[in-house]
Amino acid sequence: MFRLGKHVARILLTVLLGGILGATLLRVAPGFGVDEEELDSRLNDQSIRALRQEQQTDTNVITFYFRYLGRMLHGDLGISRTLRRPVSELLRERLPETAKSVTLSLALGWALSFALVILALMSRSWSVDLFGSVISGFLLCLPAAVLSVLFVMSRAPARLVLALIVFPNVYRYVRNLLLRSASQPHVLMAQAKGLGNFRIMLWHILWPAAPQLLALGGVSVSLALTAAIPVEALCDLPGIGQLAWKAALGRDLYLLVNLTMVVTVITLLANSASNLLGEAFRPSAA
């Protein structure tokens, strides 16, 4: 219970600090306070003054942030200045799309990584290991934006781009971790006693490596979320990544602060869950 409370307190503190730091960085960024709408020749002086007055309300970061926290406690996340819609409504629409993309990418990336590593270990084939290493190395050299453009040009399913971004990062760590686990003395002893490959893989290689694999799982969630921003923007996927891109271009303070908090909460929840599950595995692994 103490560990759980510590994780909850850390999440709350990080979210609060992350929100005010995000608002501060946006406030000091070049171009803050400048609205492209003022360049519209159809606007009269009164409309331009109204736009500038609206910008002035967000000038003081401390005042803005405490006002924002007070409204958030009442369920009001503010209005997006660029899209002219409630932020809570935008998040309800966009979060499920990003959740589908991230879940699919994590499932495919981890499944492909495990399939190649386990196949190489059980078959003891250097060619399978070489194939996985070459493919993962090649994908690591390709930026997410380049992969996205290639998928758009070939009209391939855009959600698979995230899986190709997750796979090489997961594969390298899974490969090194399981290879190190497979070289332990107790694994060699189990092989000498004639135990089956499946039993050795499950109980003597995967089970002791479970805490490290769970920690990697938490990190891969933040990796997929980060990659979702350029992928959704370039592939026109209606998720929070595309929303963050539009908010950044429009210097939309309310929208960016809320998106920062959402991504921070998801990342911290994934890391805390992996840490707690890893601690449950360690006594058995020992």
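The values are calculated or read from the model by the stated rules, or taken from the named source; none is laboratory data. Treat the numbers as computed from the prediction; the structure is a model and nothing was measured. In this analysis, Cβ positions are derived from the backbone assuming ideal geometry, glycine residues included, and neighbour counts consider all displayed protein chains.
General observations
- Residue within region 230-252 that is among the acidic types (D, E) and over 30 Å from L16 (Cβ atoms) present: yes
- Sole exception among (1) among the small types (G, A, S); (2) surrounded by 14 or more Cβ atoms within 10 Å (Cβ to Cβ); (3) more than 21 Å from the chain's Cα centre (by Cα) for A163, by number: (3)
- M72 vs. criteria at pLDDT below 70 and over 22 Å from W245 (Cα atoms): no
- Of the helices (runs of 4 or more DSSP H) that lie entirely inside region 168-286, those containing 2 or more residues that are closer than 30 Å to R124 by Cβ span 185-192, 210-235, 253-285.
- Being hydrophobic (A, V, I, L, M, F, W, C), part of a helix (DSSP H, G or I) and in contact with a Phe, Trp or Tyr (Cβ under 9 Å, 6 or more places away or on another chain) holds for only one residue in A107, A163, A120, A115, and it is A120.
- Selection within region 228-268: residues that are closer than 15 Å to T14 by Cβ and of a type outside the set (V, I, T). The member of this set that is modelled with the lowest pLDDT is M261.
- Count of residues meeting criterion [in contact with an Asp or Glu (Cβ under 6 Å, 6 or more places away or on another chain) and crowded, with 20+ Cβ neighbours inside 10 Å] in region 206-250: 3
- The set of residues from region 83-101 being over 18 Å from the mean Cα position of the chain (by Cα) and among the small types (G, A, S) comprises just one member, S88.
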